[in-house]
Amino acid sequence: MANKIPPLNDEERGELITLLSLSRSRTKQDYRRLAALSFRVTHEEHTKQWADTDTAELEALLAQYTSLREESMNSINNRVQVMMLGIAAIGALVAGVLTIDEPEKNPQLIFGIFSIIIPLVAIFVLFVWISEAVRSHRAGYFLAADAEARINAKLGRLVMSWEATLWAGNLPRDELFGPSMMAMGMVGLFAGFAPFGGVILIQKPINCDTLISPDITLPYGFLTLAVIYVFVNWSRLKNRAVILSTLGQELEGMPTVRK
């Protein structure tokens, strides 16, 4: 016969209430403890008088959760689509140029495509990608810090935990070395090599004069500004070791229940 799971004592029940509080910040260890305590919650311990208003509130919270999950997934799909379109556009431009007979006789056309159009297409893809990534992370953090926390607090135990598990680091994310980042790397390589590809096509010697010519300096100036912009906004894509709901942020500076 399996051993019966012991119910929570008064101290553990108080700890569970504290961990569920919306004004309390939570870490990876907090979620592990919350999961352990919630596992031991018996039907009798979390049963309470449930009114129609509680049902309506829970339904509203679940509707909000579903809506934000859809927004997050849409932003991921948007990132994939814009990268595919960007790579296709760059590939079409390169393929079109390669069909030109004697491209060295059309240096202005080659310059326009390889030093202006391709870098600008890559920068556009990069900006759209990072804007959608920020949008996805914003929705994901709200889900982890607020939506899931409110649902769990309403139910009196840990029930919703997917986004919080990702944000707290209990499960790894795949953004850093995932397919999306690798595809962005390919776009960056195309953009970085394009100016030199144009110089090679028009059979211009690569020397000091070439390196300081507009064929090279102009596109790399665009790309440098784009990279600086990305690094400035990169912090908005990082996970946070401590998760705090929007309610907790509003109460910042006030006494909290955190031990």
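Only the coordinates and a few stated rules stand behind these numbers; no lab work does. Please read all numbers here as calculations on a predicted model, not as lab measurements. Neighbour counts are summed over all protein chains in view; Cβ atoms, including those assigned to glycine, are modelled from backbone coordinates with ideal geometry.
Brief remarks follow.
- In terms of packing, defined here as the mean over residues of other Cβ atoms within 10 angstrom, the peptides 100-112, 218-230 line up highest first as 218-230, 100-112.
- Cα radius of gyration and Dmax for region 110-155 (Å): 19.3, 64
- For region 54-146, average projected area of the Cα convex hull in nm²: 6.8 nm²
- Only DSSP H runs of four or more residues enter the estimate; each adds -39500 (n - 2.57), and after division by the residues of the chain the mean residue ellipticity at 222 nm equals -21500 deg cm²/dmol.
- Equivalent ellipsoid semi-axes, the chain, via Cα gyration tensor eigenvalues times 5, rooted, Å: 55, 17, 15
- Remark: relative contact order (region 52-245) = 32 percent; criterion is Cα-Cα distance under 8 angstrom and separation of 6 or more residues.
- Between region 44-111 and region 198-213, the Cα center-to-center distance that results, in Å: 38 Å
- Pair-distance profile P(r), taking every C-alpha pair of region 1-107, with 10 angstrom steps and integer %: 10, 19, 23, 14, 10, 9, 8, 5, 2
- Whole-number percent relative contact order across region 85-176, with pairs defined as alpha carbons under 8 Å at least 6 apart: 20 percent
- Counting other Cβ atoms within 10 Å as a rough exposure proxy, the listed residues 199, 82, 134 run 134, 82, 199 from fewest neighbours to most.
- Under-23-angstrom lysine pairs by C-alpha in the chain, whenever the two are 8 or more apart or on separate chains: 7
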